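J.: The following block contains the structure, expressed as structure tokens.
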Amino acid sequence: MDTLWAPWRMAFIAEDDAARDERNALNNVQVGENADPDCFLCQAVFDESRDKQRHVVCRTELTVTVLNRFPYNNGHLLVAPRCHCGRLDQLTDAEKSELLQEIDHWTSILEKVMNPDGFNIGLNLGRSAGAGLPGHLHWHIVPRWNGDTNFITAVSSAKVIPQSLDALWELLVRFSAETG
Ligand SMILES: [Zn+2]
């Protein structure tokens with residue numbers, strides 16, 4: 001499945017020096033012991049100064065929630081433990097509990113903000129199951145609308161994402177702050 005990006009993505013294609021420096025800074029993060037410096041979720045966990053650039057919408061004591069940079073659909077979130085681990089049996093009971101609370105919390109925020117008809121929520125465990133980042137567990141929350149498997153998707157295996165990630169990040173963070 002390809003994703004068709006709208007014109008705001010031109011900012012990334014026509015990257016200037018400042019933008020390149022910014023991108024390098026995003027990928028050059030001091031991470032803690034047992035974390036992976038090349039893992040974008042560990043980078044999000046350990047660099048709290050660039051939440052906007054990374055589209056981090058929420059941190060709790062044991063979890064981090066980010067917008068998926070390569071969304072299957074508008075509003076696609078990833079909920080992950082702070083620890084870099086790829087197996088469910090590596091999670092503590094407290095992490096399991098907090099992860100489910102965050103999935104619940106963000107599903108209901110997406111419901112209020114985006115008014116979807118349903119959700120796909122799930123975990124791809126291992127590369128053969130489709131995990132793009134098998135070393136760091138993350139749950140996908142994908143809002144669905146009736147008919148979102150639309151004409152373009154059906155004829156060309158591509159999908160149009162109608163809202164920019166920056167705008168969506170602003171919307172979700174603002175809503176979350178207002179509603180507690
Ligand atoms: Zn990681």
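J.: Run the numbers for Ala177 and Ser128: contour at 0.36 nm per residue of separation, minus the present Cα-Cα distance, in nm.
T.: Contour length minus the Cα-Cα distance gives 13.9 nm.
J.: Tabulate in residue order the Karplus-calculated ³J(HN,Hα) for the stretch 38-45, using 6.51 cos²θ - 1.76 cosθ + 1.60 with θ = phi - 60°, rounded to whole Hz; enter x for Gly and Pro.
T.: Each residue of the stretch 38-45 in turn: 8, 8, 5, 6, 4, 4, 5, 5 Hz.
J.: How about the stretch 52-153: which GluC sites (Glu not before Pro) there are in a DSSP loop, with at most 15 other Cβ atoms within 10 Å of their Cβ?
T.: Here the sparse-neighbourhood loop sites are Glu61.
J.: Can I ask one more? Residues of the stretch 81-96 with the amide nitrogen closer than 16 Å to a label point 7 Å from the Cα of Arg59, along Cα-to-Cβ, please.
T.: 81-84
J.: Which cross-chain or sequence-distant (5 or more) residues have an amide H under 5 Å from the amide H of Arg144, H modelled 1.01 Å from N in plane?
T.: Asp117, Gly118, Phe119, Asn120
FYI, it's all coordinate maths here, none of it is from the lab. Since the structure is predicted, the reported quantities are computational estimates derived from the model, not experimental observations. We place every Cβ from the backbone using ideal geometry, glycine too, and count neighbours over all the protein chains shown.
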